[in-house]
1. Any idea which residue in the range 35-54 is nearest to residue 82 (Cα to Cα), counting only those that are modelled with pLDDT of 90 or more and open to solvent by less than 60 Å² (accessible area, probe 1.4 Å)?
2. Determine which single condition residue 57 fails, assuming it passes every other condition in (1) of a type in the set (Val, Ile, Thr); (2) in a strand (DSSP E or B); (3) surrounded by 15 or more Cβ atoms within 10 Å (Cβ to Cβ).
3. With the structure loaded, tell me whether residue 150 is of a type outside the set (Lys, Arg), open to solvent by 80 Å² or more (accessible area, probe 1.4 Å) and closer than 20 Å to residue 53 by Cβ or whether it fails that test.
4. If we keep just the residues of the range 68-94 that are part of a strand (DSSP E or B) and touching a residue at least 60 places away in the same chain (Cβ under 8 Å), which is most open to solvent (accessible area, probe 1.4 Å)?
5. If the requirement is being open to solvent by 50 Å² or more (accessible area, probe 1.4 Å) and in contact with a Pro (Cβ under 6 Å, 6 or more places away or on another chain), which of these qualifies: 142, 161, 135, 173?
6. Residue 122 versus (1) closer than 21 Å to residue 173 by Cβ; (2) in contact with a helix residue (DSSP H, G or I) (Cβ under 9 Å, 6 or more places away or on another chain): which is the lone unmet condition?
Amino acid sequence: VLFATSALYHRIVWSPRPYLVLRRLDHAALFLLLAGTYTPVGLLLGGALTAAQKAWIASADTLFVASAHPEAGADASHRGGFPGFVRVVDARRLGFEDYPGNAMFNPLGNLQVHPWLGLLFVDFAGGGVLQLSGRARVGADRSVEATIEEVRETPAALPLRYDFVDYSPVNPRLTTTT
């Protein structure tokens, strides 16, 4: 289905409305394939985080953010920092600061006009993934508060495993705690 959608999108001239729908599907499929997480069944589904999932997020040093703009398409961006840079507020809310990085603020701009987002946390040692979807609010200080509406955890979704070596020397120091 993912490849069929992509083939249709790229090979036929569409009127504006079907074109926008297919473009969104094509970009969403690309995000799923790049993230390596497409599977028809997640073993743990829900609308709120479990204690183990909250601990996973609190210890994460990497996050992928999926956002979209109604006219400009989808974006998938990496965010990273020291463990704790994503704050677990409660079982349905997360917060994180947006660091300058490459000065491309695509997720923030997208979330300002279209608040739906997807968050992906990867267990690089075990291959599991935690996918969250919901809505976000961007603060004046460029902080993001996400309200989670769906949780999908898939153990051993990725075939590759990685060993931790060291944190980036340019990671911003944590400024807030929860």
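The values are calculated or read from the model by the stated rules, or taken from the named source; none is laboratory data. Remember, predicted model here, so these are calculated numbers, not experimental data. Here the Cβ is made from the backbone with ideal geometry for all residues, glycine too, and neighbour counts use every protein chain on show. SASA here: full protein model, heavy atoms, side chains in, ligands and nucleic acids out. Shrake-Rupley method; radii C 1.70, N 1.55, O 1.52, S 1.80 Å.
1. 53
2. Residue 57 satisfies every listed condition except (2).
3. yes
4. Step by step, filter the range 68-94, then rank; the result is 89.
5. None of the others qualify; the one that does is 135.
6. Failing condition for residue 122: (1).
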